[in-house]
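So the structure is just underneath, and the comments pick up after that.
The values are calculated or read from the model by the stated rules, or taken from the named source; none is laboratory data. Because the structure is predicted, anything quoted here is derived from the model rather than measured. Here the Cβ is made from the backbone with ideal geometry for all residues, glycine too, and neighbour counts use every protein chain on show. Just so you know, the surface numbers come from the protein's heavy atoms only, side chains and all, with ligands and any DNA or RNA stripped out. Shrake-Rupley method; radii C 1.70, N 1.55, O 1.52, S 1.80 Å.
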Amino acid sequence: GVRLVGSEMCIRDRAARVDRASVYTCTGKPQPEDVERILKSLLADDFATAFARVKEICVQHGLALIDVVSDLHAYVLQLDCADKLMQMQAVVWLAEAEARLAAGTNEKVQLAAVVGAFHAFRTTLKAT
């Protein structure tokens with residue numbers, strides 16, 4: 001619907017150059033590299049830094065937090081986690097944040113919830 005029309009206009013504005021980057025940009029879908037940078041921050045940075053970094057990446061690339069959260073699910077499932085139950089709990093936390101975002105809740109509050117969930121989850125990851 002709306003995204004498709006916006007995508008068509010975006011592609012026309014880019015002089016009909018259709019490549020991977022332009023497709024992600026025009027659809028507003030996070031590029032895998034952006035999701036990986038976000039995940040790295042969520043798993044390594046302190047709360048305030050991770051919160052700021054995720055927000056910065058979303059603003060810089062015009063990403064909706066709901067799309068980032070949706071894409072993080074697959075990455076969480078691929079992580080080498082010592083506690084599989086906690087890994088599944090992290091997926092549940094992401095699903096809950098995604099549902100709340102879809103319902104229109106405050107994005108800052110949900111970003112804080114996601115960062116907090118990763119702080120709880122990352123203690124169960126195996127050292128690499």
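Ordering Val59, Val109 by how much accessible area each has at a 1.4 Å probe, largest first, what is the list?
So the residues, ranked largest to smallest area, are Val59, Val109.
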At R0 = 22 Å the Cβ-Cβ FRET efficiency linking Glu107 and Arg17, nearest 0.05, sits at 0.10
From most to least accessible, 1.4 Å probe, no ligand or DNA/RNA atoms counted, Phe47, Phe121 line up as Phe47, Phe121
Put Lys40, Lys29 in order of accessible area, largest first, probe 1.4 Å, and you get Lys40, Lys29
